[in-house]
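Student: Have a look at this one before I ask anything.
The values are calculated or read from the model by the stated rules, or taken from the named source; none is laboratory data. For clarity, every value in this text was computed on a predicted model and none was experimentally measured. Glycine also receives a Cβ, built like all others from the backbone with ideal geometry; neighbour counts cover every protein chain displayed.
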Amino acid sequence: MLTLGIETSCDETAAAVLEGIREVRSNIVSSQLVHSKFGGVVPELASRDHIRLIVPVVKEALDVASIRLENIDGIAVTCGPGLIGSILVGLCFAKGLSYGLKIPYIGINHLEGHIFSTILTAPEIEPPFISMIVSGGHTDIVYVREFGDYETVGSTLDDAAGEAFDKVAKLYGLPYPGGPDIEKKSQKGRPDFVRFPRANVPGYDFSFSGLKTAVLYYLRDKGEEVKKEHLEDLASSFQDAVIDSLVEKGIKAAKDRAVNSITVSGGVASNAAFKERMCSDAGELGIRALFPSQELCTDNAAMIAAAGRYRLENGESSSMDLKPFPRMHL
Ligand code: KG4
Ligand code: ZN
């Protein structure tokens, strides 16, 4: 069975071909560069770029997989949450293909896609487990009772973790998206240079806006010079504060729900220091932490295809009147 996955919910135009439930035959992601000069995603520009890129990206996914359109058995496409104009491009394209090829298609929640990204790397994983989705738009802790049966036990009360990386990177004078640059600078910095605050939020929820404000005030009080002399230390001190919160809450949820696996996905999961700390702290408690490979951490269509294949095999499919959902819960 060959599934074509399509993902256009934000600023990545992505298409992938999945064979069976986990063999990724191709995974093409075209990241839109147009947004970097604005320091964030401009929705109108994102939609226009998706329109320009969707056909070449899907063609490339088919070429790399060495298949033709006629070989596809089903289509999975992100139908939310995300930017409505962006989702609409992928969704309409998928509907058109489905109608033209007379094959089923299914709309997939982007967050369920992130949960399935780990399954592509660690197919042996069985629910129940805790899944953390840590990206530019989300910081969620999900209890996966069964595939398809999810309970969001915690999320951010304000900024997402990736958003905090992006905003602080901007304060540090680093380009968007900020996560990769902050990680790179952190490698040569001291995490204990400044003790930025860790939000004291009850339960499994997060808050990162206070941390961002603390960085802002620190830079204001110390002046521009500190950025020049201690950028690596500042990056490392900020990153350490985010990692502390993520690791603490993720492990707390796993312990309280008595599960022995935590999966972590989303752009921030590609941060090596986060992965290292999560794996070692969880490991000490006998909990296995699983992170997908780098290209499956950030937004991609292979994870959408994996979630779609699971649902299509369960006999589900979407009708032509399915709408895009800018907000959508698991
Ligand atoms: O999952 P993703 O590609 O897109 C969504 O937001 O859905 O995640 C992008 C986010 C950005 O905020 C980016 O700064 C962050 O993930 N990110 C990182 C790293 N790589 C990407 N954050 C920390 N460390 C990284 N290495
Ligand atoms: Zn995402």
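Student: Restricting attention to region 120-159, and to residues there that are of a type in the set (A, V, I, L, M, F, W, C) and within 14 Å of the chain's Cα centre (by Cα), which single residue is farthest from ligand 2 (Cβ to nearest atom)?
Tutor: 141
Student: Next question. Does region 52-79 hold any residues that are closer than 23 Å to residue 20 by Cβ and either of a type in the set (Asp, Glu) or assigned to a helix (DSSP H, G or I) (or both), and which are they?
Tutor: 57, 58, 59, 60, 61, 62, 63, 64, 69, 70, 71, 73
Student: Of 162, 173, which residue is within 16 Å of ligand 2 (Cβ to nearest atom) and either over 16 Å from the mean Cα position of the chain (by Cα) or not aliphatic (A, V, I, L, M) (or both)?
Tutor: Step by step, each of 162, 173 is checked, and only 162 is within 16 Å of ligand 2 (Cβ to nearest atom) and either over 16 Å from the mean Cα position of the chain (by Cα) or not aliphatic (A, V, I, L, M) (or both).
Student: Which of the residues spanning region 219-274 are within 16 Å of ligand 1 (Cβ to nearest atom) and on the phi > 0 side of the Ramachandran plot?
Tutor: Answer for region 219-274, where residues must be within 16 Å of ligand 1 (Cβ to nearest atom) and on the phi > 0 side of the Ramachandran plot: just 266.
Student: Cβ-Cβ distance below 6 Å, separation of 6 or more or different chains: which pairs start in region 152-177 with a residue that is closer than 18 Å to residue 197 by Cβ and near ligand 1 (Cβ under 9 Å from one of its atoms) and end on one that is in a helix (DSSP H, G or I) and of a type outside the set (Lys, Arg)?
Tutor: 161/242; 161/268; 165/179; 165/182
Student: Restricting attention to region 14-46, which residues are farther than 22 Å from residue 313 by Cα, free of Cβ contacts under 8 Å to residues at least 40 places away in the same chain and assigned to a strand (DSSP E or B)?
Tutor: Those that are farther than 22 Å from residue 313 by Cα, free of Cβ contacts under 8 Å to residues at least 40 places away in the same chain and assigned to a strand (DSSP E or B): 30, 31.
Student: Being within 16 Å of residue 66 (Cα to Cα) and either modelled with pLDDT under 95 or more than 14 Å from ligand 2 (Cβ to nearest atom) (or both) is the filter here, so list the residues in region 1-15 that pass it.
Tutor: 1, 2, 3, 4, 15
Student: Working only within region 140-160, note down all residues that are of a type in the set (S, T, N, Q) and closer than 25 Å to residue 309 by Cα.
Tutor: Correct list: 152 only.
Student: Quick check on my filter: what residues within region 178-214 are away from ligand 1 (no atom under 15 Å from the Cβ) and of a type in the set (Val, Ile, Thr)?
Tutor: Result: 194, 201, 213.
Student: Would you check which residues across region 243-293 are away from ligand 2 (no atom under 16 Å from the Cβ), part of a helix (DSSP H, G or I) and of a type in the set (Ser, Thr, Tyr) and list them?
Tutor: 245, 280
Student: From 52, 22, grab the single residue that is modelled with pLDDT under 95, surrounded by fewer than 20 Cβ atoms within 10 Å (Cβ to Cβ) and away from ligand 1 (no atom under 16 Å from the Cβ).
Tutor: 22
Student: Testing residue 86 on (1) assigned by TED's automatic domain parsing to the domain that holds residue 44; (2) within 13 Å of ligand 1 (Cβ to nearest atom); (3) assigned to a strand (DSSP E or B), one condition comes back false. Which one is that?
Tutor: Of everything listed in (1) assigned by TED's automatic domain parsing to the domain that holds residue 44; (2) within 13 Å of ligand 1 (Cβ to nearest atom); (3) assigned to a strand (DSSP E or B), residue 86 misses just condition (3).
Student: In addition: Considering every residue within region 81-93, establish whether at least one is β-branched (Val, Ile, Thr), out of contact with any Asp or Glu (no Cβ under 6 Å at 6 or more places or on another chain) and either crowded, with 23+ Cβ neighbours inside 10 Å or farther than 22 Å from residue 160 by Cα (or both).
Tutor: Yes.
Student: If you don't mind, there's one more thing I want to ask. For residue 105, are the conditions met, namely being farther than 15 Å from residue 265 by Cα and touching a strand residue (DSSP E or B) at 6+ places or on another chain (Cβ under 8 Å)?
Tutor: Yes; evaluated as a whole, the condition is true for this residue.
Student: Residue 111 fails exactly one of the following numbered conditions: (1) within 15 Å of ligand 2 (Cβ to nearest atom); (2) modelled with pLDDT under 95. What is the number of that condition?
Tutor: It is condition (2) that residue 111 fails.
Student: Return the residues of region 116-173 that are surrounded by fewer than 23 Cβ atoms within 10 Å (Cβ to Cβ) and small (Gly, Ala, Ser); say none if nothing qualifies.
Tutor: Answer for region 116-173, where residues must be surrounded by fewer than 23 Cβ atoms within 10 Å (Cβ to Cβ) and small (Gly, Ala, Ser): 122, 137, 148, 154, 155, 169, 173.
Student: Yes or no: residue 49 assigned to a helix (DSSP H, G or I), closer than 20 Å to residue 98 by Cα and free of Cβ contacts under 8 Å to residues at least 40 places away in the same chain?
Tutor: Taking the combined requirement at face value, the residue does not satisfy it.
Student: Evaluate the following for residue 121: is it touching a residue at least 24 places away in the same chain (Cβ under 8 Å) and more than 20 Å from residue 8 (Cβ to Cβ)?
Tutor: Judged against the criteria, residue 121 is a match.
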